[in-house]
Amino acid sequence: MNAELQRDRPVTGRVDSAGRLVAADAPLAELNARAGGGEAGMLSVPQIAALARLARRLGITVSRAAIAADGDRDIDLWVRAEPVGEDVELTITGWGQRAAQPAAPAPTEEREADFLRASADWTWETDEALRLTALSGAAAAGLGRASAELIGQQLTRLFRFREGESGALPILTALAEHKRFDGQVAELRAGRKGRYLLSGVPLIDGMGRFAGFRGAAVSMPSGRTVPQPLAGGERASAFGERLDQALRAPLAAIVDNAERLRAQPEGPLRHDYTGYAADIAAAGRHLLSLVDDLVDLQAIERPDFAPEAEAVDLADLARRASGLLAVRAADLGVEIDPPASDEALPATGDFTRALQVLMNLINNAIRYSPQGGQVWIRTDREGDLAAVIVADQGKGIADEDQQRIFDKFERVDPAEPGGTGLGLYIARRLARAMGGDVSVHSAPGQGSRFTFTLPSRKSL
């Protein structure tokens, strides 16, 4: 095979809904055969098969760089996977061979992207038209919508970009020049309050063409347009930021690699090995949640911490949180019963922070409910307060423990697997900062009822 020839002309193929390579140009068919695939059989090149599955699942075109092993060689590819009906059409460019090598330092673009991921509240990727092709899990909670709803939308549909002091829009300049950008101030659309600082690095395909951006979003406190130097009184916050940057990227890599190992992309593994991978991934996620909680803790304990005061609908927020946690609940055999779709509960608070509180309460209810149990979410009014009640069928909490669980690093039963012991402390601090509270009513053997309140509002 002439490697230079393959760099100049695309290699095409087609994968059906069952994952079979039903049509392929000779280079792809030969590579698939060397990977163990038969004629019209399963696509057996793991890196290409994974992108085909992703494109089918998302229902959008996905373009990614890939490195496929081929005996004692590696093949650099840029794979474009486009759903067409039930099939996925493959177009592969930049087909170049080289001797297999141990892992080398990442290219500059990848190192920059790793830095962005390490310092971000959440991360994103787009295609060349700024349509979202990937979002990190934290984006769903930050934006209050499921990631699947956002994939395929243009970034400009989510954000309103603001000019910098020079009058320029960094993201548009970077789009025109296909270069990195930093410091793009962006405000959420659709009547929501929320300001983020966006940064991104360009993605370049195997033919050297611009293919989109990989970037980060960092939440900005109200009233600030650009990051300010840290003052002496902000050293604790600086420590939290450094902790976040130092731990998030390596932990995310550990979880990602463990999940890849558990998925067995290179073929079957011993059952105990996949079990080890699952344990590693679970431990990594636990540490990531601890990092998230510590960063939140640093933020809410700063003297200048002030949540937004905006019109919110607590019933809608409860439905959103339920939707975001529905898959986790189903995996554990727990049913969530959210407020009715036509129910509204106007209140005043910070949309993102209120959603965070509800996510914590509902997640705890799921965690401590027995398999086959149910979590009920109801709304009410308590005088001038709007209230959401989250009730579970867990083992309950003794009277002497009901205040202790709101302290730092305290849990109902420290011997049980679970969270970090900071979630309820943060939830109550956030609720009180918004003029409300979080309380609990429970008894051993009778489940628990957590109530989240915010100042009531007559109408949204």
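One residue stands out among those in the range 296-305 that are more than 23 Å from the chain's Cα centre (by Cα) and at pLDDT below 75: the one that is surrounded by the fewest Cβ atoms within 10 Å (Cβ to Cβ), which is D304. Looking at the range 1-81, the helices (runs of 4 or more DSSP H) lying wholly inside it that each contain 2 or more residues that are within 33 Å of the chain's Cα centre (by Cα) and among the small types (G, A, S) sit at 46-58. Count of the range 306-330 residues, restricted to those that are under 18 Å from the mean Cα position of the chain (by Cα) and open to solvent by 40 Å² or more (accessible area, probe 1.4 Å), is 6.
Looking only at the range 430-460, residues that are farther than 15 Å from I362 by Cα, modelled with pLDDT of 90 or more and among the basic types (K, R) come to 1 in all. Scanning for something assigned to a helix (DSSP H, G or I), aromatic (F, W, Y), crowded, with 23+ Cβ neighbours inside 10 Å and at pLDDT below 90, does the range 414-428 turn up at least one residue? The answer is no; no qualifying residue exists. Look at the range 301-317: where a residue is part of a loop (DSSP other than H, G, I, E, B) and a partner is open to solvent by less than 30 Å² (accessible area, probe 1.4 Å) and charged (D, E, K, R), sitting 6+ places away or on another chain with Cβ atoms under 6 Å, you get P307/D350; E308/D350.
Of all the residues in the range 345-385, those that are in a loop (DSSP other than H, G, I, E, B) and under 20 Å from A431 (Cβ atoms) number 4. Scanning the range 121-150 for residues that are modelled with pLDDT under 80 and part of a loop (DSSP other than H, G, I, E, B), we see that the one that is surrounded by the fewest Cβ atoms within 10 Å (Cβ to Cβ) is A146. Looking at A398, A391, just one residue is more than 17 Å from D313 (Cβ to Cβ), among the small types (G, A, S), open to solvent by 20 Å² or more (accessible area, probe 1.4 Å) and free of Cβ contacts under 8 Å to residues at least 60 places away in the same chain, and that residue is A398. Among the residues making up the range 438-460, those that are of a type outside the set (G, A, S) and open to solvent by less than 50 Å² (accessible area, probe 1.4 Å) are V438, V440, F450, T451, F452, T453, L454, P455.
Considering the range 163-186, and only residues there that are at pLDDT 85 or above and assigned to a strand (DSSP E or B), the residue that is farthest from R353 (Cα to Cα) turns out to be F181.
In summary, R57 fulfils each of the numbered conditions (1) out of contact with any helix residue (DSSP H, G or I) (no Cβ under 8 Å at 6 or more places or on another chain); (2) surrounded by 14 or more Cβ atoms within 10 Å (Cβ to Cβ) with the single exception of condition (2). Among the candidates V390, V357, the residue that is within 25 Å of the chain's Cα centre (by Cα), at pLDDT 95 or above and either within 18 Å of P307 (Cβ to Cβ) or of a type in the set (V, I, T) (or both) is uniquely V390.
The values are calculated or read from the model by the stated rules, or taken from the named source; none is laboratory data. From a predicted model like this one, the values you see are computed outputs, not experimental measurements. For neighbour counting, all protein chains shown are included, and Cβ atoms are generated from backbone atoms with ideal geometry for every residue, glycine included. Accessible surface areas use protein heavy atoms only, side chains included; no ligands, DNA or RNA. Shrake-Rupley method; radii C 1.70, N 1.55, O 1.52, S 1.80 Å.
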